[in-house]
Structures are given as structure tokens and as C-alpha cells.
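Undergrad: Okay, here's the structure, questions in a sec.
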Amino acid sequence: MATERVTYPYAVESEERPAEPVDYAAINAVYGALLAALVLATRGRAREEPISGRELISIAAATFALSKVIVREKIGTWVREPFVEDPDGARKPRGRRLQRAIGELVTCTRCVGAWSALAVVGLRLASPDSGRIVTNVLAASAANDWLQAGFRLFCAASNRAEPYRR
């Protein structure tokens, strides 16, 4: 009977031992504990000042901006550096076990997005005024990203439609 090799989501093949399921479980346990603590600590305030559906849009945009900063921008290097190597601009998780699992986390915008959402919502519930300020700043940053991308596409399309004339 041949044994089948198990591969885990986002696992990177390397000479080093990849992360184990217990490493992902540890990360999930931390997230779950923080989520439970947030719910317990803010349950009264959440009733007094609930997050509206309209506000959720800016929170989603803020989460997008924060996760992008952590995963992709130079300014987020300090967060990634202990867990990620960057040979030739290709970010790859480094180390083994928990270090590698965290490296996989901080190179995934969707993964960091879940943690960013916890932080943004937590701040909004714990300190509504500060939470709104931070959310609005990050949401404006996300809107800027989208506008810059749209402008770049518009310029590229315009340049293709009317070639440069000398």
C-alpha cells in the first residue's frame, strides 16, 4: 500500500519542512481568541452604536487597503520580513512550521484581509470615533488605489487608440 502525500493550502514546496496542520490550527486559535475577546469586550457598545450596512462599505474598503499595505507595499516590509524571503522580487514564505505558516498568511491578501477586518471592526467597536477616522483614511486610500488603476487603464487605452504622432 502506497502512502499518499498530503499537501496543504498555500504550502510552498521546498527543502525545508512545510507547515503542519497544527501550525495552521495555532493561527486559527489566535484569530478565534481575538474574535471572541472582541465580542466580549465590545458587546455593550456594539448594541449602543452598531455598525450600519452603509458603514460596512467603508470598512470593507479600509480592510482592502490595510491588507494591500501589509502584503504588497514596501511600507509593510517590516511585518513580512521575519516570515518571508524576497529573492528577485518573488516573495516566498521562509522557515519551517509556524514561521512558514505565518509567511503564507502575510503573502496572501485575502488571509491578511480577514485579520485586517478584525482590527478595523475591533477599533470601530472599541473606540467608535477613532475607528471611523482610521476607517475613512484607509477607505480613501483604497478609493485612490482604484482611481489610480482606472486612470492608468484609461491612459493605456487612449494611447492604443491614438498612436503617438511625430
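Undergrad: Could you tell me how many of the residues in the range 54-81 are open to solvent by less than 80 Å² (accessible area, probe 1.4 Å) and more than 12 Å from the chain's Cα centre (by Cα)?
TA: Number satisfying all stated conditions: 4.
Undergrad: Any idea which of GLY131, GLY113, GLY103 is under 15 Å from the mean Cα position of the chain (by Cα), part of a helix (DSSP H, G or I), modelled with pLDDT of 95 or more and under 24 Å from ALA46 (Cα atoms)? Full working, then the answer.
TA: Values: GLY131 fails: under 15 Å from the mean Cα position of the chain (by Cα); GLY103 fails: under 24 Å from ALA46 (Cα atoms).
Just one listed residue meets the conditions, GLY113.
Yes/no matrix, rows are residues, columns are (1) touching a residue at least 60 places away in the same chain (Cβ under 8 Å); (2) closer than 30 Å to VAL22 by Cα:
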position	(1), (2)
SER58	yes, no
ARG96	yes, yes
ALA101	yes, yes
GLY113	no, yes
GLY122	yes, yes
LEU125	yes, no
PRO128	yes, no
ALA149	no, no
GLU162	no, no
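Undergrad: Among the residues of the range 46-64, count how many are assigned to a helix (DSSP H, G or I) and in contact with a helix residue (DSSP H, G or I) (Cβ under 6 Å, 6 or more places away or on another chain).
TA: Keep residues of the range 46-64 that are assigned to a helix (DSSP H, G or I), which gives 46-48, 53-64.
Add one more test, that the residue is in contact with a helix residue (DSSP H, G or I) (Cβ under 6 Å, 6 or more places away or on another chain), and what stays is 46, 58-59, 61-64.
The qualifying residues number 7.
Undergrad: Can I ask one more? Determine, yes or no, whether VAL84 is within 22 Å of ALA26 (Cβ to Cβ), touching a Phe, Trp or Tyr at 6+ places or on another chain (Cβ under 6 Å) and open to solvent by less than 70 Å² (accessible area, probe 1.4 Å). Step through it out loud before you land on a result.
TA: Working: within 22 Å of ALA26 (Cβ to Cβ): yes; touching a Phe, Trp or Tyr at 6+ places or on another chain (Cβ under 6 Å): no; open to solvent by less than 70 Å² (accessible area, probe 1.4 Å): yes.
No; evaluated as a whole, the condition is false for this residue.
Undergrad: Now, a different point. Are any of the residues in the range 72-83 of a type in the set (Phe, Trp, Tyr), in a helix (DSSP H, G or I) and over 18 Å from ALA60 (Cβ atoms)? Step through it out loud before you land on a result.
TA: Going residue by residue through the range 72-83, those that are of a type in the set (Phe, Trp, Tyr) are 78, 83.
Within this subset, residues satisfying the condition of being in a helix (DSSP H, G or I) are 78.
With over 18 Å from ALA60 (Cβ atoms) added as a condition, the list becomes 78.
Yes, some residue in the range 72-83 is of a type in the set (Phe, Trp, Tyr), in a helix (DSSP H, G or I) and over 18 Å from ALA60 (Cβ atoms).
Undergrad: Another question, then. Give the number of residues within the range 34-92 that are among the acidic types (Asp, Glu) and touching a Gly at 6+ places or on another chain (Cβ under 9 Å). If you could, list the steps in order and put the result at the bottom.
TA: To start, the set of residues in the range 34-92 that are among the acidic types (Asp, Glu) comprises 48-49, 55, 73, 81, 85-86, 88.
If we keep only those that are touching a Gly at 6+ places or on another chain (Cβ under 9 Å) too, we end up with 85.
Residues in the range 34-92 being among the acidic types (Asp, Glu) and touching a Gly at 6+ places or on another chain (Cβ under 9 Å): 1 in total.
Undergrad: Working only within the range 97-140, note down all residues that are touching a Ser or Thr at 6+ places or on another chain (Cβ under 7 Å), open to solvent by less than 40 Å² (accessible area, probe 1.4 Å) and small (Gly, Ala, Ser).
TA: Selection gives GLY113, SER116, ALA117, ALA139.
The values are calculated or read from the model by the stated rules, or taken from the named source; none is laboratory data. For clarity, every value in this text was computed on a predicted model and none was experimentally measured. Using ideal geometry, Cβ is built from the backbone for each residue, glycine included, and neighbour counts are taken over all protein chains shown. Heads up: the accessible areas ignore ligands, DNA and RNA and are worked out on the full protein's heavy atoms, side chains in. Shrake-Rupley method; radii C 1.70, N 1.55, O 1.52, S 1.80 Å.
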